[in-house]
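I have placed the structure first, in the form of structure tokens, so that the comments after it can refer back to it.
The values are calculated or read from the model by the stated rules, or taken from the named source; none is laboratory data. These figures come from a predicted structure and were not determined experimentally. We place every Cβ from the backbone using ideal geometry, glycine too, and count neighbours over all the protein chains shown.
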Number of protein chains: 2
Amino acid sequence: MADDRRLEVLRAIVQDYVRTREPVGSRALVERHSLGVSPATIRNDMAALEEAGYIAQPHTSAGRVPTDKGYRLFVDQLTTVKPLSLAERRAIQTLLDDAVDLDDVLDRTVRLLAQLTHQVAVVQYPSLRRSALRHVELLPVTSRRLLLVLIMDSGRVEQRAVEAGEPLDQTVVAELRARLNATCAGRRMPMLGTALTELPAMFAPEDRPLVEAVCEVVRETVVEEVEERVVLAGTANLARADVDFPGSIGPVLDALEEQVILLRLLQEMAQDEAVTVRIGHENPYQALAEASVVTAGYGTASAGTVARLGVLGPTRMDYAGTMAAVRAVARYLSRFLSS
Amino acid sequence: MADDRRLEVLRAIVQDYVRTREPVGSRALVERHSLGVSPATIRNDMAALEEAGYIAQPHTSAGRVPTDKGYRLFVDQLTTVKPLSLAERRAIQTLLDDAVDLDDVLDRTVRLLAQLTHQVAVVQYPSLRRSALRHVELLPVTSRRLLLVLIMDSGRVEQRAVEAGEPLDQTVVAELRARLNATCAGRRMPMLGTALTELPAMFAPEDRPLVEAVCEVVRETVVEEVEERVVLAGTANLARADVDFPGSIGPVLDALEEQVILLRLLQEMAQDEAVTVRIGHENPYQALAEASVVTAGYGTASAGTVARLGVLGPTRMDYAGTMAAVRAVARYLSRFLSS
DNA sequence: ATTGGCACTCACGCGAGGGGAGTGCTGGTG
DNA sequence: CACCAGCACTCCCCTCGCGTGAGTGCCAAT
């Protein structure tokens, strides 16, 4: 069947191009892959594939290069996710086991991912919105100032300063801490929100301004997008791949430094554990029109998916390998956080 | 005096080369700077400067380029640090004022510095070793596991898991927390170390394993170099300046990702507030042989210098401007942390 | 549908040549 | 002694032209 062979040809083109970075011609194709037909036949198939927009030639009398659409078809066609090697899996396991706190885990994870894929790795911190509060601590810093410390069940810890209108009453602070923990611990949004609104009513009217101020800061911290965070690693990999970014990697690096852009990017991808791929101009940002993003969700057994992690690189990347690595790392991280 | 003019010539060469990235010749020099002598005279001076190793020519019949030694002399000669513009200072002020916690402050600072200097900016977290402990919190997570939260006077918060050998006794935990805060709060190393060693003796023998475990974790956290952290921004600026790195920026980016290298780099520079410059091969790392580093210390009124911040870029950089920016940002940050 | 043959197209590498910026040196002047 | 005009020389860099070869599209044949 000619249609099947065309898919096969596309696949071969993608593979060869990813390996060599050179436009691949009909002759080279039949030589490297046992397609059982002559170059002329391949040329016909190529013409059809080009007509359909899956491949293109940089200039007349050059070989073919996959388009974004071609990569997309290729990726959709991928079914078997090749597992990581035993050595790789061991490396992941031992690396994560030594971690000392959440920052450390995520830092190790992102480096690992960068190393495994030779791309830029991104790990989003567990979303505060989707985590449950484990504990709230209130520490007087000065007579009118509190340090609010929120500890989430994902292991994430956030601190905020709260300004009190008037000098703090130690017993009120103690009571507030107790009640906050009693009513809020173990809850996440949106239940946490209702718990917070009900809290002030439990206090004497004269204490309410403080209570409300604290509740407001808690709410802001947990809800606001600003507080979502990401960590990056492997930027050098991008620099090394700069030949694959026709313009320059400048705009890409710029985009990477804008946490907001990264967060949006991650949030716009599927919100479950599945591996998701965005190829070239499928990305909603101009600067990333020549980049591909591969992400997967991670989370805990109790809270479900709480955040995403992934990798960014040139569209000319080893999708199969990258997807496998991203999926594996996400799973290990989930397992680790659940324990 | 001929010697004075030679310094002037070196200065002019550095300025022009920094501006244009092109080897500067004798003719262009007299045209742009009013040196009051003819090109031929300048050529003699240039020959002398080259003899002394301050400048070099990429090839015969090309203009001159400053060597690292030349930049060094230039920098040492700089006396007047030009102040930032009013607009810049306002930007710093308002940006920092909105910060919500330490992470936020440092994040804003590093971005600001990158933007101001068009270089890669680095900010070291306040050293735990050089900060005083403000508060210790102990939270039982499971029956055999504690979450230890350390809050430093610099605003830095660190958390660690502590495994207890046997099920936790709430009253012991409460007592431990109280005593930890009583004896350790407000102290920094090395006094903190002695306080920690004296603590176990205050408890019943059967409780000591737990106490010692907790003290050990506190000590490790505060003392170990691993826990020193840095944040980066402006990597894209480096990519944009890649023409100034003859080899490639790959190794430089690699070095930047190795926090250990960055930390050593910062620690090896002067440990006071002064602006320090390392030029090219003055850097102890091969990868940074074509980069210059400009840093300054920052700290609080109470604790003194607690960490450094700075900028990294090609040796061909605007030293005067960069030094001014680094110094200004360090001062603003110090002022902010002291308040 | 597949294939061998064939003419055609272009990117790429190479070498030659000219232009020009810049230098070092020499000899002359206040 | 410091400075300077003039001059011969060097060598990078840009441009241009050309040959080469990989790759294509088309066509007629199987």
When residues of region B:303-339 are filtered for being assigned to a helix (DSSP H, G or I) and either free of Cβ contacts under 8 Å to residues at least 24 places away in the same chain or touching a Cys at 6+ places or on another chain (Cβ under 8 Å) (or both), how many remain?
-> 1
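Conditions (1) within 14 Å of chain A (Cβ to nearest Cβ); (2) touching a strand residue (DSSP E or B) at 6+ places or on another chain (Cβ under 7 Å), marked per residue:
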residue: B:Arg72; (1), (2): no, yes
residue: B:Val81; (1), (2): no, no
residue: B:Leu86; (1), (2): no, no
residue: B:Asp97; (1), (2): yes, no
residue: B:Val100; (1), (2): yes, yes
Region A:216-275: number of residues that are closer than 21 Å to A:Arg21 by Cα and among the hydrophobic types (A, V, I, L, M, F, W, C) | 8
Which ones in region A:190-201 are assigned to a helix (DSSP H, G or I) and free of Cβ contacts under 8 Å to residues at least 60 places away in the same chain?
-> A:Met191, A:Gly193, A:Thr194, A:Ala195, A:Leu196, A:Thr197, A:Glu198, A:Pro200, A:Ala201
Taking only region A:20-68 into account, find how many residues are within 10 Å of DNA strand C (Cβ to nearest atom), over 29 Å from A:Asn283 (Cα atoms) and outside any helix (DSSP H, G or I).
-> 5
Got at least one residue in region B:146-161 being more than 20 Å from B:Pro190 (Cβ to Cβ), part of a loop (DSSP other than H, G, I, E, B) and not basic (Lys, Arg)?
-> yes
B:Ala287 being assigned to a helix (DSSP H, G or I), within 14 Å of another protein chain (Cβ to nearest Cβ) and within 19 Å of B:Glu228 (Cα to Cα) | no
Residue set A:Ala114, A:Ala132; condition at the interface with another protein chain (Cβ under 10 Å from one of its Cβ atoms) and not basic (Lys, Arg); output residue A:Ala114
For region B:202-270, which fully contained helices (runs of 4 or more DSSP H) count at least 2 residues that are in contact (Cβ under 8 Å) with a residue 60 or more places away in the chain and more than 9 Å from chain A (Cβ to nearest Cβ)?
-> B:208-223, B:259-267
Residue satisfying condition, being surrounded by 19 or more Cβ atoms within 10 Å (Cβ to Cβ), more than 27 Å from B:Leu78 (Cβ to Cβ) and β-branched (Val, Ile, Thr), within set B:Thr300, B:Thr295 | B:Thr300
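Given the residues B:Thr183, B:Thr109, B:Thr171, which is the only one that is at pLDDT 95 or above and outside any strand (DSSP E or B)?
Among B:Thr183, B:Thr109, B:Thr171, only B:Thr109 is at pLDDT 95 or above and outside any strand (DSSP E or B).
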Scan region B:1-19 for residues that are within 13 Å of DNA strand C (Cβ to nearest atom) and at pLDDT below 95 and report the count.
-> 1
